[in-house]
Structures are given as C-alpha cells and as structure tokens.
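To keep things clear, I will list the structure first and then write my remarks on it.
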Amino acid sequence: MIMTSTITSDTIVKFDSVIKKFGAFVAVEETSFDIRRGEFLAIMGSSGCGKTTTLRMLAGLEDPTEGNIYLDGERVNGKATWDRDTPMVWQSLALFPFLTVQENVEFSLKMRGVGKKERAERARIWLEKMQILEFADRNISQLSGGQRQRVALARALVTEPKILLLDEPLSALDAHLKVRMQAVLSNLQKDLGITFVYVTHSMSEAFSMADRVIIMSRGKVEQIGTPQEIYHKPKNTFVAEFLGSANIFNGTLSDVAGNNWTIDTDYGSYIVHPEGDLAKQTGEALSFIVSAENIRISDASSSAGGIIARAIGEEFVGASATVYFETAIGQEIKVQKSHHELAALNFATGKDYALTWDSAACYVLPQS
Amino acid sequence: MSLPLLFWQVAFFLAPLIFLIAISFWTVRNFQMEPDLNLKNWERILTRGVFWDAYIRTMIYATVAALFTSLIAFPASYAISFKLSDKTRQWVVFLLIIPFFTSYLVRVYSLQVFLSDAGIINALLSKVGIPTMAMLNTPFGTLVGLVTLCLPLVILLQVFSLGFVNRDLVEAAHNLRCGRLRTVLQVIVPSARVGIVIAALFAFILSFGDFVSPLYLGGGNPPTLSIMITDITKSGQQWPRASVVALMMISTLLVIAFAAIKFAYRERGK
Amino acid sequence: MNTNKNPLIETSLRLHLVACIAFIFLPILGSFAFSLNSDRFPSIPLGAFSTEWYRLIWEDPFVWVGFFNTVKVGLVVALIATILGFGGAYTDYRFRFFGKNVYLALALLPPTIPVVIMGLAMLAFLSRVNLSGHAVSVIIAHGVMCSPFAMAIIRLRLSQMDPDLEAASWNLGGSEWATLRHVIIPFCRPALLAALFITMAVSFDEFAVAWFVSGLNETLPVKILGFLQGQVSPRINAIGSLAFLSSIILIIFAQMLMRNPTRTSK
C-alpha cells in the first residue's frame, strides 16, 4: 500500500479519506487525520456531528463506507471489533448487570481464552489500580456512579491495549465527581502512556484533559489542534461560535498594505494583522474575532469613538462579569470586565456605551 | 437464530392453514379424501339454511358477548386504573391473570352446577321466593360462559390502555369544569380508544371461535359455527366441508379485525 | 383530585370491581368446593365433606395415563417453545430486514386463530403427513401455540437491556456466538425460565387442539372434555383443582423470576 509508507511509528491511527453513510444520510464526510501514539485526543462537537460514529468506526462497530482506517499500520476496514484490541468505555458504561465487578473485569480475558487463574490475577491487578479491589465480589447495582466508572475503565484496560476509546464516559456524573474523574483519567493516561481517544460534547472536559482536540460539526472536521491553538486561533466562524468566547465581525477586505489589512465592516473600517500567509484578494469577504476580555468599554459621550452599543444584560462569573451589548444593527457583543471596572464606569443596562479594542487584539479567521 | 421459529411456524402453522384452503376443494369418496379442484363443498355449505342460521347465531353471540363484556369491564378497569393504590393494583392485576391458567373446561363444568335447574342459583332464588328459571342450555347460559372466558382479558387490556392516559389531561378537564362522567366519556374513553376497541375485538374473536360455552352451557342445539366444525370433523371424514366453515369463519374474523383496527386508529378531524 | 371525590361513586366503582372479580372466581372456587363435596350434583345446602372424588381419580388408570401424557407433552413443548421464542425475540430485537413484519406476524398470530380452526387445520395437515394421533402431534400444535407467549416474555426482557451491552461484549473480544452465550442468554435467564413455566402452564390447560390431534394419546384436559361429554362427573373438579394448583405454582415461580430479575448478591 502507498499509504502505509506515510505511517510513521509515532502514528497509531490514520483516517484516510473516510466517509460514513447510513442510507442516504452522510454521518461523516470525507475525513482524514492522524492520531499520535500516546496522545490524549478529544473529539468534540454537538450531538449528531459524527464524533461517536468516528469513534465507532475506529472500534470496528461501524464500517466506513469509503476510505481506509489504519490501526498500528494495519488497514482494519472490515475487521470485526472482537478481532481488534480497541476497548471502549461507553456513555452508558454498559457494565454486565448479571456479573460481579470482578467477572466484568475478567470478561475480555475470558473471551480471549485466558485461563481462570490468570484471569483472576490480572483482573485483581486492575481492580487494585482503580482502587476498587474491595468491591470485587459486589454486584454492579451496589456501586456508586464513580465506582462504576472505575469498573468500566478496569474492564477496558485489563488486556493492556495500546489505545483506549471513551465515548462521553463522564456525562452521567454530577459536576463535582466529573472534575475528580477528569483528574483520574488524565493521570491514568500519563501513567500508562497509551493513546486515549475521548469523545465529548463538553469543551471543559476536552480542553482540560486533551493534548489535541478535533472539533467536528455536521460530519466534518472543522479544526484539529492543541486546546491553546483552537481557543486563541479558531480556524473559522463555526469554531469561533462553538467556543463562544469571542465576538465575530464580518466584513470585506478593502486594502492590503504589508501586514496591515483594512477590513470594512458595518461599523466602519478596522486595521488587522493577519497571521501566517493568508492568500486573500481585496474585495473578498473576511471575518475577524475579538475576544471578550480584550474589548474596552467607555461612556458613549467620550471621544473614544468605536462602536456605539446598548447594554442589554449582565452575567455574574465569579470575580468578573460578562456584559452583553446590542449594536444598532442588532449584533450581540459580549465583553468581560471585573466588577471593579464596571463600578468605575457606573455601568447600567439600558444605557449606550462605546466599545473599542486594539488592532493587535483582532485575530483574522483563516476560513470565512 | 431466526430460522428455527420461521421454519416451525411455516411448517406447522402456515402450512396447515394453507392446507385447509386446499382441502376445501377436495372430494370425499368411500370415506377417503381425494385431491380435487371442486366447488361442491362450498356450494353444499353456503346454500344450506342451517349454515347461515348458525352463522348469524354465532355473530350475535360474539357481538353481544364482546359489547356486554366491554361494558361490564370498563367501570372495573377504570376503578383499577384510577382509584386503586399501586400495590392494590398489582394484586388485582395478578388476580386477573390467574384465570388464564385455570382450565376453561373446569370452569364451564362448575358453571353448569351453578346454572342448572336444580343448581345453586335456582336453589338460592327459591329460598327467597323467586320461582326457578331455566338458565342452563339457554342463550343466557352461553353468554355467561363467554363473559367468564373474556372478562379477565378485556379488563387487563383496558387497564393497560388506561395506563397510558395522561393524568394531567383528566385534571385539566376537571379544571375546565368538565364533570366527572363527561370527563370519563369525553376525555378518558377517547384517549384509551385503541385499547378499548382492541379488547372488544379480542372478546369477539374468543367468543366467535369458542365451542365449549355454546355446547355445554347453551345446549349446543341449534349449533354455532364452532360446534358445526367439531361435529362434522368428529363424525366422519367430511373434513373438506368443515374446512369451508372454518374458512368462512377466518374470513369473517379478518374483516371484523380489519374494520375494528381501522376504527380504533381512525384519525379525528377532516 | 381529592376535592372531586364523591364517596357514592367511589364506593360503587369498588363494589363493581369486587363483583367482577367474584364473578370470575366463582366458578374457580366453586370447583374447589365441589371437589371436596360428597354430592354428585352439589346444590344448596352443600353436602358433606369428602375426598371421594380425589380417591376415584387416584385409582383411575386412564387419568394417570392422561397425566403422564400431559406432563410429557408440557415439558417438551415448554423447551421447544422457549427456544423458538428466544430466537424470534432476539431476531426482532436485533435485526431489521425486508419482510420482518411478515416474520413477526407469522410468529405472533397463532393465539388469535380460534382453537377449533387451528385444531381442524392441524388434524387435516398432520394426518396427511402421517403425524396425527401421536403425542408428537400435540407437541407440534402446542409448539405453534405457545412460542408466541415465550417470544413476548423474552422480547419484554430484551427491551430492558442496555443496547450498548451487546456491542460492549463484541468490543471486549466476544464473537457474536460468545456474546450470545455469555451476555444475551445470562441477561435473559429470568425471562427464559418464566417462559418455560408459562408455556408449560399453557400446554397443561390446552384441550381443543389437543382433542383434535391427540387420537388415543389423550392429555388430561382432553380427558376432562371426555368426562364433560359423558355423565355428570365431579371428578372433573378434582382433576381441575389439582391442575389449577400446579399451574398456579408454575406462574408464581414465573412471576417471582420476572419481578426480581437482578441477580442477588452471593
């Protein structure tokens, strides 16, 4: 195969032009990406974006309609899930209710024909690691949510796989337990040094644990990158909107003077400094973002200039507040400020303010 | 996985039914059935007044039994669904399942003892000065037997469908000053219509095909269609004629079932 | 709702319910009472207590033959119907295919066909293929009639299963057969046992089709039908009461299994 030559030893999974259709419905559009050996990769998107289908194709629970999937250098299309070593932790956990905790953990060893004694020994090692050895003979129904989570992890890891798939495993837990389990997962992944592929709709889960994040929408990969890259440099308006922390301004590129581009928007012209080599012509539509913490608020009567917008709401976020403005043409702009700064402004909803920012705070979206 | 059941039902359910159609065109000669393609059996049965009398009698029994059972059952189902605590409801439902595991024949025999001229009911009646009356070997006897047969099933099906009636709907109706009876008739019955109709349909099917009550409580003379089938079958090799009666019954049931289901799922408006 | 209660309506509804249950149970309880009564044809006042009828059936060799036929048929039917029903239930749960509705209709329709028609069709067909008049004919017919009940019970249990459970087993290295054996069947075990008991109870009580096809191998219910056609015989009550007790024990077992499907701790 030509493709195998491009698989380097630090790539464990390769999706090569993979398409998945269910009847006429396209669940995953043509997608290519690599997963690196030993990384914690999160696939994130809202429901129906194709993230779970992508994971299930990797697990062998769905077969790609077109394209190839390589696992550890081997093309695995059509290879049954029971012949792969790609254990998964399920959203519902899918623990076997008629088996004890230890029997659950032993399950995949039993399926592989491992003898009874060795099975018990290996299962107990993992129960110990997950700190649930004392529950070995209990029924699943007698465990708490967090304990079940640990059983599911032990059950998936007992064969010591190179890769672990996780499908929204924390979504059933309450907020407090969720944070604790995130730490457990992060540490586990570092200790074991194996690849985790983690599907979630939660940005906080993805960004707090993952080395790299894939953002998907409507069956398409929108962006792949580290949490930092994605957060500060979203690739397009979809990702920017999905993250929800920045304000998007659309306009037309009217002038290019070296690294100083002029974009005409509904609020007038702005100078921006694009990053990288963006090939754009004057007259092309272009968007840039300004994050909420980088916008300044002044009295409308002051000589600051900028966009005049009416304050329409305020949201309390710990030490700071997010305030919402509406411009004359109905666009919503959000700004994050400390309570102290807002008090100094005599801030009140219903009043008009002027909003400004530095041109260095603008980030031009590579795709519009 | 799917094949054993498929094979069994094709070989032992579908095939006998299809065979039944086939033999209705066969002839019987010297007490032997011979394959044929002959309309004589159909002609013979369908031109007989005795068949049509039995047909109409069976229809009437089944219709009356279905309607009467449904009417008796509904207040009971309503009480089970809306008036009992969960615990009591479970017990009552359990009680109603028990009859399915008792022999219908034994129950009918027991009813004979209750209903006969010198039986328990007449003995009780004469004690309070009411003259005895004939109940066994009358259409009344048949009806009692059919109701015994159908009542538990009809109540269970009605309770099942009443379970899906949105409780808020009932309170909303009360809140809109809809009276108790009107709420039952105009909110609860329409909401549970599918289940009520299906329950009545089952009562109809059971009564239509039953030969035990008409025979041992109704006296069997004049016969119903089921009695005709047993008589013809057991008294010789005239299975082709019996199969014509059976096929008439099946087609009637199909038409009734289709109409009932259509009525049950009928859309309101337009 | 409390303010809307009318004591008269409440009471009469409850009385009606009690009357319905009384009506249903009167013949059943009556049969019990009559079986222990010395009168050949009981009336008011009831005769003396007697176990005569039980003695008579105990000593009747034909009743014993019928009993053993019934048990033999019932056991085999329960096994066959449960296996067939499990296959059907799993098919319905797991697969989607062209013609599935036809498959389900074929699987579930038999109880809606009147027993006389079923009996006639079975008799005609089975005697054509030389299978009529044996215990095996009753087993075949009861297999057809009981498998829908088994299928319904097992299907209900499958619908309570986490749909990921099966895929989880595959994912952990279990092939489809291994998964069936180690996951699906253990999960369905309470329903499988319940189906065994219920189908056995249904077969124990079925008389009409059995009467058509059994020939000389009469089961007990067919025996009862014979008694019913002949002289007045309170032996029916005695047999009926015993049969009722055994059926009730079967369904209480089934009920207990269905109600408490989770495995108790060791």
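The values are calculated or read from the model by the stated rules, or taken from the named source; none is laboratory data. All of these numbers come straight from a predicted model, not from anything done at the bench. For neighbour counting, all protein chains shown are included, and Cβ atoms are generated from backbone atoms with ideal geometry for every residue, glycine included. Only protein heavy atoms, including side chains, enter the accessible area calculation; ligands, DNA and RNA are left aside. Shrake-Rupley method; radii C 1.70, N 1.55, O 1.52, S 1.80 Å.
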> So which lysines can A:Lys337 reach, going by Cα to Cα under 28 Å and dropping same-chain residues fewer than 8 places off?
Replying inline: A:Lys233, A:Lys235, A:Lys351
>> Tell me the per residue accessible area of chain C using a 1.4 Å probe; a whole number in Å² is fine.
In response: 45
> Sorted by accessible area (1.4 Å probe), largest first, how do A:Tyr324, A:Tyr231 line up?
Replying inline: A:Tyr231, A:Tyr324
> Alpha carbon centre of the stretch B:168-213 versus the stretch C:183-258: separation in Å?
Replying inline: 32
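For the stretch A:79-149, give the percent of accessible area contributed by carbon and sulfur heavy atoms, probe 1.4 Å, rounded to a whole number. Please report the intermediate quantities before stating the final value.
On the way: 1460 of 3180 Å².
The computed percentage sits at 46.
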> How do A:Glu62, A:Glu315, B:Glu267 rank by accessible surface area computed with a 1.4 Å probe, from largest to smallest?
Replying inline: B:Glu267, A:Glu315, A:Glu62
>> Taking all protein chains in place and a 1.4 Å probe, what share, in percent, of the accessible surface of chain C do carbon and sulfur account for?
In response: 69
>> In the stretch B:1-21, what residues drop by 30 Å² or more of accessible area when the other protein chains are put back, versus the chain on its own? Use 1.4 Å, and skip ligands and nucleic acids.
In response: B:Met1, B:Ser2, B:Leu5, B:Leu6, B:Trp8, B:Gln9, B:Phe12, B:Phe13, B:Pro16, B:Leu17, B:Phe19, B:Leu20
>> Using square roots of five times the C-alpha gyration tensor eigenvalues, list the equivalent-ellipsoid semi-axes of the stretch B:129-168 in whole Å, biggest first.
In response: 35, 13, 6
> Which number comes out as Rg/Rh for the protein assembly as shown once both Rg and the Kirkwood Rh are worked out on C-alpha atoms?
Replying inline: 1.11
> What are the residues of the stretch C:216-244 that lose 50 Å² or more of accessible area, with a 1.4 Å probe, going from their chain alone to all protein chains?
Replying inline: C:Leu228
> Along each of its three principal axes, how wide is the spread of alpha-carbon positions in the stretch A:123-242, in whole angstrom units, largest first?
Replying inline: 52, 29, 23
>> Out of all Cα-Cα pairs in the stretch B:1-99, roughly what percent, to the nearest whole number, are more than 15 Å apart?
In response: 79
>> Please compute, for the alpha-carbon atoms of the stretch A:237-364, the extent along each of the three principal axes and give them in descending order in Å.
In response: 43, 31, 23
>> Compute the distance from the alpha-carbon center of the stretch C:37-71 to that of the stretch B:101-148, in whole Å.
In response: 21
>> Heavy atoms of the protein only, probe of 1.4 Å, neighbouring chains included. What is the accessible area of B:Thr58 in Å², nearest 10?
In response: 0
> What percentages, rounded to whole numbers, describe P(r) for the stretch C:119-180 computed over all alpha carbon pairs with 10 Å bin width beginning at zero?
Replying inline: 19, 27, 20, 19, 15, 1
>> Sort B:Arg29, C:Arg96 by heavy-atom solvent-accessible area, probe 1.4 angstrom, most to least.
In response: C:Arg96, B:Arg29
> If you bin the C-alpha pair distances of the stretch B:156-220 every 10 Å from 0, what whole percents do you get?
Replying inline: 20, 34, 21, 16, 9, 1
> Share of Cα-Cα pairs in the stretch C:1-147 beyond 25 Å, in percent?
Replying inline: 61
>> How much accessible area per residue does chain B have, counting only protein heavy atoms and a probe of 1.4 Å, in square angstrom?
In response: 48
> For the stretch B:64-185, with equal point scatterers placed on the C-alpha atoms only and solvent neglected, what are the log10 I(q)/I(0) values from the Debye formula at q = 0.10, 0.17, 0.18 1/Å, to two decimals?
Replying inline: -0.46, -0.95, -1.00
> So what's the gap between the Cα centers of the stretch B:1-43 and the stretch C:97-150, to the nearest angstrom?
Replying inline: 13
> Dipole of the protein assembly as shown, Cα-centred, from +1 at each Lys and Arg C-beta and -1 at each Asp and Glu C-beta, to the nearest 20 debye?
Replying inline: 3220
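Scan chain B and note any complete DSSP helix (H) whose C-alpha atoms cover at least 15 Å along its axis and whose Kyte-Doolittle average is 1.0 or more.
Working: long enough: B:49-83 (50 Å, 1.04); B:86-97 (17 Å, 0.52); B:104-115 (16 Å, 1.28); B:139-162 (32 Å, 2.09); B:193-209 (24 Å, 2.19); B:239-264 (36 Å, 1.71).
Qualifying helices: B:49-83, B:104-115, B:139-162, B:193-209, B:239-264.
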> For the stretch B:80-155, which whole percent of the accessible surface, found with a 1.4 angstrom probe, sits on carbon and sulfur atoms?
Replying inline: 69
> How big is the C-B contact in terms of buried accessible area, both chains counted, 1.4 Å probe, rounded to the nearest 100 Å²?
Replying inline: 7500
>> Solvent-accessible area of B:Asp231, probe 1.4 Å, all protein chains present, reported in Å² to the nearest ten, please.
In response: 90
>> Report the C-A buried area as the accessible area lost on both sides summed, probe 1.4 Å, in Å² to the nearest 100.
In response: 2100
> Which part of the stretch A:12-33 falls in the paramagnetic zone of A:Asn77, meaning amide N under 19 Å from the point 7 Å along Cα-to-beta-carbon?
Replying inline: A:13-33
> Rg and Dmax of the stretch A:11-232, Cα atoms, in Å?
Replying inline: 17.3, 53
> What's the Cα-based Rg to Rh of chain B, Rh via Kirkwood?
Replying inline: 1.05
> With every protein chain in place, what's the accessible area of A:Ser92 (1.4 Å probe, Å², nearest 10)?
Replying inline: 60
> What number, in nm² with one decimal, is the all-direction average of the projected area of the convex hull of the alpha-carbon atoms of the stretch A:13-112?
Replying inline: 7.7
> Using Cα pairs under 8 angstrom and six or more residues apart, how large is the relative contact order of the stretch C:60-265, in percent?
Replying inline: 34
> Which whole-number percent of Cα pairs in the stretch C:60-265 have a distance greater than 33 Å?
Replying inline: 23
> What are the residues of the stretch B:77-98 that lose 40 Å² or more of accessible area, with a 1.4 Å probe, going from their chain alone to all protein chains?
Replying inline: B:Lys83, B:Phe94, B:Leu95, B:Ile98
